[in-house]
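**Student:** This is the structure I want to talk about, given as structure tokens.
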Amino acid sequence: MSGTTTTRTLRPPAGYHLAGTVATLAMGRHDPCARFVDDTFWWATRTPAGPATLALRHVGDDVLATGHGPGADWVLERADAVAGLRDDLTGFAELAAGHPVVARLTEAHHGLRMPATGQIFPRLLRAILEQKVTGTEAYRGYAATVRRFGTPAPGPVRALWVPPEPAELAAAPYWVFHPFGVEQRRADTVRRAAALADRLERCADAVEATRRLTAIPGIGPWTAAEVVRIAFGDPDVVSVGDYHIPNTVAWALAGEARADDARMLALLEPFRGHRGRVCGLLAAAGLHAPRFGPRTPIRSFARF
């Protein structure tokens, strides 16, 4: 694909952890739009200038950012934000010191930062397809949708894809998504959101984005939180309505195996301003509450 290839050197703080920071940008190791290849993180996206791929890799104590494709300059200008280097930790150390678990995790994972892509719809597509299904179902639907509607990403990495053009998703009939394991409810939500993508991308901050997102039928607080956390790097947003997070928070912070959203928010209140960061630390540490009962079965809509 035509376009420029340019570079930029980023100066991260001491102990910065690239892999842990950008992990939230990828849906597992085989995300079609973002993944590590040979110690380099590759992130493909659409920009106002055209498709682009951003590569991030450690070179000594620095991080070298390389942009590929027509939108190379656009992604390079935002490379430090994507790498989490605009993340503001002001005041968090004092809050973390108030709880022994959070203090310990803050020290153990001090190199983590929160990335901010500045883009809403690519993360929104993934979040909608993650609604109320297993991780396996979500990945299958997301990967199949990207490969059906996306385009090959610029740069040297094979099988890396630029996310779909929203207009194409908005125009697609809902039944096109059935072979991907996506039922009509989520397919219609994708189509509605895609039709409003331009307006969503103009949101100035997480507050405005949350308001606009939750006004779309099929998008609630959980989906909006998943989006603004990545798009704006919001350190305080909490995914209310998640199946696992309330239990994880309650187990880690209070030794309680089960909790509802209200209890989770009460336990996180001392960390206001950085509540989402605390949840991220718990996830990075692999903490989770004891699990009881059978696993959620994997369904298939492919033949509907």
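The values are calculated or read from the model by the stated rules, or taken from the named source; none is laboratory data. Bear in mind that the values here come from a model prediction, so they are computed numbers and not experimental data. For neighbour counting, all protein chains shown are included, and Cβ atoms are generated from backbone atoms with ideal geometry for every residue, glycine included. Areas reflect the complete protein model, heavy atoms only, side chains present, ligands, DNA and RNA absent. Shrake-Rupley method; radii C 1.70, N 1.55, O 1.52, S 1.80 Å.
**Student:** Just checking, does the range 186-203 include any residue being out of contact with any helix residue (DSSP H, G or I) (no Cβ under 6 Å at 6 or more places or on another chain), of a type in the set (Gly, Ala, Ser) and farther than 30 Å from residue 73 by Cα?
**Tutor:** no
**Student:** Can you run down the residue pairs with Cβ atoms below 6 Å, 6 or more apart or on separate chains, where the first is in the range 137-148 and on the phi < 0 side of the Ramachandran plot and aliphatic (A, V, I, L, M) and the partner is part of a helix (DSSP H, G or I) and open to solvent by less than 10 Å² (accessible area, probe 1.4 Å)?
**Tutor:** 138/129
Here is a yes/no grid of residues against (1) closer than 28 Å to residue 38 by Cβ; (2) more than 19 Å from the chain's Cα centre (by Cα); (3) of a type in the set (Gly, Ala, Ser):
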{"site": "127", "(1), (2), (3)": "no, no, yes"}
{"site": "131", "(1), (2), (3)": "no, no, no"}
{"site": "134", "(1), (2), (3)": "no, no, no"}
{"site": "139", "(1), (2), (3)": "yes, no, no"}
{"site": "147", "(1), (2), (3)": "yes, no, no"}
{"site": "151", "(1), (2), (3)": "yes, yes, no"}
{"site": "157", "(1), (2), (3)": "yes, yes, no"}
{"site": "161", "(1), (2), (3)": "yes, no, no"}
{"site": "168", "(1), (2), (3)": "no, yes, no"}
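**Student:** Here is a follow-up. List pairs: first residue in the range 243-266 and under 18 Å from residue 222 (Cβ atoms), second residue among the β-branched types (Val, Ile, Thr) anywhere in the structure, Cβ distance under 7 angstrom, at least six positions apart or on different chains.
**Tutor:** From the range 243-266, the pairs are 259/249; 261/240; 264/245; 264/249; 265/238.
**Student:** Moving on. For the range 181-191, does any single residue satisfy the condition of being assigned to a helix (DSSP H, G or I), farther than 15 Å from residue 127 by Cα, touching a residue at least 60 places away in the same chain (Cβ under 8 Å) and not β-branched (Val, Ile, Thr)?
**Tutor:** In the first step, residues of the range 181-191 are kept if they are assigned to a helix (DSSP H, G or I); the result is 184-191.
In the following step, the residues that additionally are farther than 15 Å from residue 127 by Cα were identified as 184.
With the extra rule that they be touching a residue at least 60 places away in the same chain (Cβ under 8 Å), the set shrinks to none.
Within the range 181-191, not a single residue is assigned to a helix (DSSP H, G or I), farther than 15 Å from residue 127 by Cα, touching a residue at least 60 places away in the same chain (Cβ under 8 Å) and not β-branched (Val, Ile, Thr).
**Student:** What residue, among those in the range 39-89 that are open to solvent by less than 20 Å² (accessible area, probe 1.4 Å) and assigned to a helix (DSSP H, G or I), is farthest from residue 237 (Cα to Cα)?
**Tutor:** Once the filter is applied, the top-ranked residue is 72.
**Student:** Also: Need the failing condition index for residue 118 against (1) open to solvent by 40 Å² or more (accessible area, probe 1.4 Å); (2) over 17 Å from the mean Cα position of the chain (by Cα); (3) not basic (Lys, Arg), just the number.
**Tutor:** That leaves (2) as the condition not met.
**Student:** While we're here: Go through the range 207-247 and count every residue that is assigned to a helix (DSSP H, G or I), under 20 Å from residue 270 (Cα atoms) and open to solvent by less than 20 Å² (accessible area, probe 1.4 Å). Explain how you work it out, then say what you get.
**Tutor:** Start the filter on the range 207-247 by keeping residues that are assigned to a helix (DSSP H, G or I), which leaves 207-214, 221-231, 245-247.
Then drop every residue that is not under 20 Å from residue 270 (Cα atoms), which leaves 225, 229, 245-247.
Now narrow it down to the ones that are open to solvent by less than 20 Å² (accessible area, probe 1.4 Å): 225, 246.
Matching residues across the range 207-247 total 2.
**Student:** What pairs come up if the first residue lies in the range 89-101 and is at positive phi, the second is open to solvent by less than 70 Å² (accessible area, probe 1.4 Å) and modelled with pLDDT of 95 or more, and their beta carbons are under 8 Å apart, counting only those six or more places apart or on different chains?
**Tutor:** From residues that are at positive phi, the pairs are 91/273; 91/274.
**Student:** I'd like the residue in the range 1-38 that is crowded, with 19+ Cβ neighbours inside 10 Å and of a type in the set (Ser, Thr, Tyr) and, out of all such residues, is nearest to residue 230 (Cα to Cα).
**Tutor:** Step by step, filter the range 1-38, then rank; the result is 24.
**Student:** Mind checking which pairs have a first residue in the range 223-242 that is among the hydroxyl-bearing types (Ser, Thr, Tyr) and a second that is open to solvent by 10 Å² or more (accessible area, probe 1.4 Å) and in a loop (DSSP other than H, G, I, E, B), Cβ under 7 Å, 6 or more apart or different chains?
**Tutor:** The qualifying pairs are 223/131.
**Student:** Of all residues in the range 216-275, which are under 17 Å from the mean Cα position of the chain (by Cα) and among the acidic types (Asp, Glu)?
**Tutor:** 226, 234, 236, 242
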